[in-house]
């Protein structure tokens, strides 16, 4: 439920599963855990029914379930590929492109515009034979549905959170809500959710889905009937929202973090808590916090949560979430990520050989992700990119982060002593000709290890517990407004095109050595005791590469997509014979015009 006076949105929250089980169907009936280091990153529902949970240590998991099958999950590439596949599937149905990933297996989808359109299209005299339009322009693209009842499970706030919308009581209740727009919007959204879930399941993955009026409520209600069902939060009154929220553990509410939980938990229980301990555990519910006599207004909450290092507006945000209010919007979909980050944790690395070995593994994984996510025509990881592939965007910055290892018994904060250092991403990292193994070796030797020494100057006793490598600061693609990122090379090319028609020339000097038609004047200048002749010209019909020869300076700022070299950085400059300065290729014509102006004035 949104704040009074704001518009409600129709939010679908999807959770997908079974990546490993699809690769090996024999595992579907067995208790299965995905291992990362010494803990289970996740596990299937067969294992959960035996008491195993996420983030359980391997020793404890084996004690609870001796027949647990453990699969290595250190390489997240298969999970990311499936996530990208399902993300693209859901995005193909979206009208407003508002689809947001939350981790690898969870997604928010804002379907407000689709529901509004189909609500207007409803034939009130024949609700049982309704038709959901998936396209405004193609009336045949859609599916039939029964608009007299919900599909899936419905939370009504009457103590029965699993009422089915297609039973008799639901049909009777529907009669008195036909004129309630919110009721009808949620009903229509439930049928769209079912249709999209079936599309995902056709790809081989089971889904759970939550339908509500904001992101926080949709995520929470989507957890109610996992692993293969959906639940609509039918909250037509604020008291239903409060009833729904009050039953949840405080730490389960998305947007309320570990530190906030520790502070509020300690206040409600009247005990001291360590706010630096990161944990998903919590012993108090939202209802206990919301109804506590000492927490009756946002200013009181601000006194509890405020401080010199606290997030601005944290108290107001927490107060809203305690009451089921979440005004955050579903983020618009992006063709490419804003950054790509790979990290791993260790129990204290001290030897240089160990650190270099792990750095090579992380760099190799990073390069694979860059080629999958940032290439226009990515190939499988086992094959080199096909000729003609190009980078959708190019990261300009690479960042290395490390922190020391801390035992859980040390009670250190999650990001204790984490430090970072950034530098420009070397151009060879984007080469599509250089072998990946050579790129990785060179990147570690020339970039990552020097950064590591700057972050960790001590020659021994590093005790490295985390290594993170990230590429960011993407350029060269199309931004959300449809305009290309600013590029000085592109600016010079546009300038050349714009002033070409206003350029006058004294005489035709003939064809230059490169074979193109040049217009300009011959100039003689003394160089020592000899003379050289130079043609200073504005080129028209600029020559391309000779037949059978590749042009190494492409259209976007002198970048060679195949070699990954930038002409302004890697030898792509030419020394001007008139003034002796080294000029990048993309600025050469502008520099020649500058000398022409000097000659005209002289």
### Query
Between residue 423 and residue 458, what length in nm is gained on full extension when 0.36 nm per residue of separation is reduced by their alpha carbon distance?
10.5 nm
### Query
Label points 7 Å out from Cα along the Cβ direction at residue 57 and residue 23: separation in nm?
2.7
### Query
In what sequence, highest mean first, do 299-306, 394-401 appear when ranked by Cβ atoms within 10 angstrom?
394-401, 299-306
### Query
Could the peptides 191-204, 223-236 be put in order, highest first, of the mean number of other beta-carbon atoms found within 10 Å of their residues?
223-236, 191-204
### Message
Highest mean first, how do 109-118, 250-259, 130-139 rank when packing is the count of other Cβ atoms within 10 Å averaged over residues?
### Response
109-118, 250-259, 130-139
### Task
Evaluate the distance, in nm, between pseudo-label points positioned 7 Å from the Cα of residue 179 and of residue 302 along their respective Cα→Cβ axes.
4.2
### Query
Roughly speaking, what is the centre-to-centre gap between the stretch 321-351 and the stretch 413-472 when only Cα atoms are used, to the nearest Å?
20
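No value in this document is a laboratory result; all are computed from the given coordinates. Here the structure is a predicted model, which is why all the values come from computation and not from measurement. Neighbour counts are summed over all protein chains in view; Cβ atoms, including those assigned to glycine, are modelled from backbone coordinates with ideal geometry.
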